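Peer 1: Attaching a single structure in structure tokens format; questions to follow.
The values are calculated or read from the model by the stated rules, or taken from the named source; none is laboratory data. No experiment lies behind these values; they were computed from the predicted model shown. Note that we place each Cβ from the backbone using ideal geometry, even for glycine, and neighbour counts take in every protein chain shown.
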Amino acid sequence: MNYFVRRPWDLPQRLVTPEDVYRQRKLHRREFLTWLGLATGVVGLSTGCSDSGGEKTSSQSPATSSPEVPESVPNIYPAARNPNFKDYGRAETEPEDAARYTNFYEFSTSKSTYKFVANFKPTPWAIEIGGLCDRPGKFDLDDLHKQMSFEERACRHRCVETWAMCVPWTGFPLRDLLKRVEPKAEAKYVGFTTFDRPDEATNMARTQGDFPWPYTEGLTIAEATNELAFIATGIYGKPLPKQHGAPIRLVLPWKYGFKSIKSIVQITLTDKPPATFWNTVNPAEYDFEANVNPTISHPRWSQRTEWMLGTRERHDTVIYNGYGEYVASMYKS
Ligand code: MTE
């Protein structure tokens, strides 16, 4: 299927329906389109998208609550912290500040996605791994909890929108999972796919046909097997709250946050770069590599500085988000 980026004057009629008729819908779309650079925005991007009303919310549970984990699954929390990722060089972000300001477009274009995840069912869960490998298979998350060696890592996270956070993730290196399927020598890339369940994700349902759902991402095989590429099932010593990508997500601290795909259901080894969500929607603004780099401006804003969730403290952006010792050698050419 071909997706193209609509110009504002190409918007279908239902996107320009008068506000008194489709106010909620229009607000969501407008924020989304502004993020994409497709609307003459009234909504500031990194200055805080407004919380859109009108969607079903889960008001009972606090933003930081984790989904139930079956009793049969070993409690791996808290996992021992990997001494190589002991601290951030900055203050840790408060859990509430991270949990209340998230990007998860399947649910909402606002940052308060925790209000819109009530219908999402992160258990049971399995990841299918296939493509160019000798032992493809379906990996049940409960089994992975028993089989993988879990650790905690304190990591900086930098969103392309210029906000940043410092959070401890629990999980295991992506390469430990890939090893289990025995990638073939021809496997040069790794593609990732999020769930496709519009019945559980309101914004995905609302924007069917307009965006290339499900959300996808990709890495080169060198990036995917780098020590820094991490699969997380937890944050702040607890299973991931839904809005942070329950029950399993990627964490790539040297890349802009959109590469760290949430709620993964499929991993595919390929010999060609896989199509990725934001790069498909707007290739001029979101490249495949997407390494944090203060010298390459986003077409609509500078990347020279970043601001921390919660404190709003500003810092200079650092190349590879400060993780050059792990990753710079992959980009020498
Ligand atoms: N994964 C999916 N499936 N859908 C998304 O919308 N947003 C990305 C990334 N992973 C996104 C996603 C973006 S833009 C960022 S910055 C990070 O998730 C944010 O992670 P956090 O919300 O847990 O802080």
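Peer 1: Just to be sure I understand the filter: pairs with C-beta atoms under 8 Å, separated by 6 or more residues or on different chains, first member in region 103-126 and within 20 Å of VAL73 (Cα to Cα), second member more than 12 Å from the ligand (Cβ to nearest atom) and among the hydrophobic types (A, V, I, L, M, F, W, C). Which pairs pass?
Peer 2: Pairs found: THR123/VAL69; THR123/LEU141; PRO124/LEU141; TRP125/LEU141; ALA126/PHE139; ALA126/LEU141.
Peer 1: Name the residues in region 83-112 that are assigned to a helix (DSSP H, G or I) and of a type outside the set (Asp, Glu), would you? Give the derivation first.
Peer 2: The initial filter retains those residues of region 83-112 that are assigned to a helix (DSSP H, G or I), namely 83-85, 95-99.
Residues satisfying the conditions are PRO83, ASN84, PHE85, PRO95, ALA98, ALA99.
Peer 1: Consider LEU240 carefully, then state whether it is over 21 Å from THR162 (Cα atoms), within 9 Å of the ligand (Cβ to nearest atom) and out of contact with any His (no Cβ under 9 Å at 6 or more places or on another chain). Please lay out each step first, then the result.
Peer 2: Values: over 21 Å from THR162 (Cα atoms): yes; within 9 Å of the ligand (Cβ to nearest atom): yes; out of contact with any His (no Cβ under 9 Å at 6 or more places or on another chain): yes.
Criteria met by LEU240.
Peer 1: Tell me which residues, restricted to region 113-134, are closer than 16 Å to ALA246 by Cα and part of a loop (DSSP other than H, G, I, E, B).
Peer 2: Correct list: VAL117, ALA118, ASN119, PHE120, LYS121, PRO122, THR123, PRO124, TRP125.
Peer 1: Just to be sure before I move on: is THR220 surrounded by fewer than 19 Cβ atoms within 10 Å (Cβ to Cβ) and β-branched (Val, Ile, Thr) in the structure I sent? Quick ask: steps written out before the conclusion?
Peer 2: Numbers: surrounded by fewer than 19 Cβ atoms within 10 Å (Cβ to Cβ): yes; β-branched (Val, Ile, Thr): yes.
Answer is yes for this residue.
Peer 1: Can you spot a residue in region 134-152 that is more than 18 Å from PRO67 (Cβ to Cβ), among the hydrophobic types (A, V, I, L, M, F, W, C) and under 15 Å from the mean Cα position of the chain (by Cα)?
Peer 2: Checked region 134-152: no residue is more than 18 Å from PRO67 (Cβ to Cβ), among the hydrophobic types (A, V, I, L, M, F, W, C) and under 15 Å from the mean Cα position of the chain (by Cα).
Peer 1: With respect to LYS184, determine if the residue is farther than 30 Å from GLU285 by Cβ and at pLDDT 95 or above.
Peer 2: yes
Peer 1: Right, here's the next one. Could you tell me which numbered condition ALA229 fails, if it satisfies all but one of (1) within 13 Å of the ligand (Cβ to nearest atom); (2) of a type in the set (Gly, Ala, Ser); (3) crowded, with 23+ Cβ neighbours inside 10 Å?
Peer 2: Condition not satisfied by ALA229: (1).
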